[in-house]
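Scroll down for the structure; my scribbles are underneath it.
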Amino acid sequence: MPVSPTSFGAIDIPTPPAPRGRRVGLMGGSFNPPHAGHRLAAEEALQRLGLDELWWIVTPGNPLKSHGDLKPLTDRLTAVRAMALDPRMRVTSFEAALGSPYTAVTLQFLKRRYPTVRFVWVMGADNLATFHRWQDWRGIAAAMPIAVVDRPDHRLPALASKTAKALERLRIPEAKARALATMPPPAWVFLTNPLAPHSSTAIRQAADS
């Protein structure tokens, strides 16, 4: 069901500044905790997509996951800031003030606030595998171009997913990745890259053992 941007909260929601024409990657997640795989995805997106900036959007919580072991937002923000050391990276938690946990609403909000910015949604291959379960996933694909960064053991499930099949004709070659930010959506690219064998779930389980 499409999400209507009727209640985006206060107009002073604290988003990073974004000058006209900027090429900005958006990488959202609970980052519970952030790990080397997240950093690698951010670095690959910056380089391969020719982005000016990448925003780590630290969410209050994933609506598709249990929040039982979710660290406080302030703790996760601190952990992400310690990892996102590239000066082109911005760390933000504005979704907490936005009042919606859904990516579809977040992207609509940002497009309305920054109509001249060239946004790209960046996500891991593990997310593409289940993307069809996200609220208004087709609306997300229509809102802005998408870059999918490879993750260990997820390439085949991702590329065989319902979303990948539905959007197959809109996929661009990796060689054209730097042009993605300027392409009208829907458009997407799958970025293969060196893989970091880390996951937030495994890190939490190791910490609890």
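The values are calculated or read from the model by the stated rules, or taken from the named source; none is laboratory data. Quick caveat, the model's predicted, so the values are computed rather than measured. Neighbour counts run over all protein chains shown; Cβ positions are idealised from the backbone, glycine included.
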Requested in this report: Mind listing whichever residues of the range 132-148 are under 30 Å from R20 (Cβ atoms) and part of a helix (DSSP H, G or I)?
Outcome: W137, R138, G139, I140, A141, A142, A143
Query raised in the report: If you take the residues of the range 154-203 that are in contact with a Lys or Arg (Cβ under 9 Å, 6 or more places away or on another chain) and modelled with pLDDT under 95, which of them is nearest to A36 (Cα to Cα)?
Result: A196
Report summary line: Those residues of the range 91-105 which are under 21 Å from G37 (Cβ atoms) and buried (at least 19 other Cβ atoms within 10 Å of the Cβ) amount to V91, T103
Query raised in the report: Among the residues of the range 9-36, which ones are modelled with pLDDT under 90 and either on the phi > 0 side of the Ramachandran plot or buried (at least 18 other Cβ atoms within 10 Å of the Cβ) (or both)?
Result: G9
Report task. Determine if the range 149-159 includes at least one residue that is in contact with a helix residue (DSSP H, G or I) (Cβ under 8 Å, 6 or more places away or on another chain), part of a helix (DSSP H, G or I) and under 22 Å from P101 (Cα atoms). Result -> no
